[in-house]
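Report on the structure given below.
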């Protein structure tokens, strides 16, 4: 079974073109960016062409290895095989969807397990961004973590409020593709008073968060 993401790339030449266009719009050559839930590094590779430095985090070891090969000539990418959460812990995987390498979740996912997924074996090391103590000034953070959004934001509150980066956030209200503003506000509650938000593209689940003036 060919991966659904691979099929889209073969047909359209890229993945999530609306996200790619925003990356091109908001990243400049002296910027430092973070890609959380970076999968095969599709967006990471574009960031590396646009920015000075990219931190890329991928929890799944299979996706991490594919990305490691894909970015081997990208000298400005720091790729780390960990999940980003609200604290340091080792977490069991919960589920995965055969034929979709981007659809995997940890057992403590705030949105619960995906009904149509199958059990995924193994564990992942998770840490918070604030624990990593990144010193560089961050211009943009892209987050795509299959229901883990609230944990990522809680664990990055200090970094976000210090740097006020642009945030590209995929935020679902459920595993069936639901989009709900109240769910988004709940997920970003630690930073909500400091940010404005808008849906990037009708029919999608990606949000653009910009710091308030």
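Points worth noting:
- Residue check, residue 44 free of Cβ contacts under 8 Å to residues at least 40 places away in the same chain, under 23 Å from residue 99 (Cα atoms) and within 16 Å of the chain's Cα centre (by Cα): yes
- A count restricted to segment 97-141 and to residues that are touching a helix residue (DSSP H, G or I) at 6+ places or on another chain (Cβ under 6 Å), under 24 Å from residue 165 (Cβ atoms), touching a residue at least 60 places away in the same chain (Cβ under 8 Å) and not in a loop (DSSP other than H, G, I, E, B) stands at 3.
- Among the residues of segment 72-89, those identified as over 14 Å from residue 42 (Cα atoms) and assigned to a strand (DSSP E or B) are 78, 80, 83, 84, 89.
- Segment 148-183, subset farther than 20 Å from residue 102 by Cα and touching a strand residue (DSSP E or B) at 6+ places or on another chain (Cβ under 6 Å), residue surrounded by the most Cβ atoms within 10 Å (Cβ to Cβ): 165
- Residue list for segment 146-168, filter: under 23 Å from residue 43 (Cα atoms), out of contact with any helix residue (DSSP H, G or I) (no Cβ under 6 Å at 6 or more places or on another chain) and assigned to a helix (DSSP H, G or I): 151, 152, 163
- Total residues in segment 169-213, condition assigned to a helix (DSSP H, G or I), farther than 17 Å from residue 145 by Cα and at pLDDT below 95: 2
- Count - residues of segment 15-47 that are in a loop (DSSP other than H, G, I, E, B) and loosely packed, with under 13 Cβ neighbours inside 10 Å: 3
- A single member of 160, 138, 167 is farther than 28 Å from residue 118 by Cβ and within 13 Å of the chain's Cα centre (by Cα), and it is 167.
The values are calculated or read from the model by the stated rules, or taken from the named source; none is laboratory data. Just so it is clear, the structure is predicted and the values come from calculations on it, not from any experiment. Please note: Cβ atoms are built from the backbone with ideal geometry, for glycine as well, and neighbour counts cover all protein chains shown.
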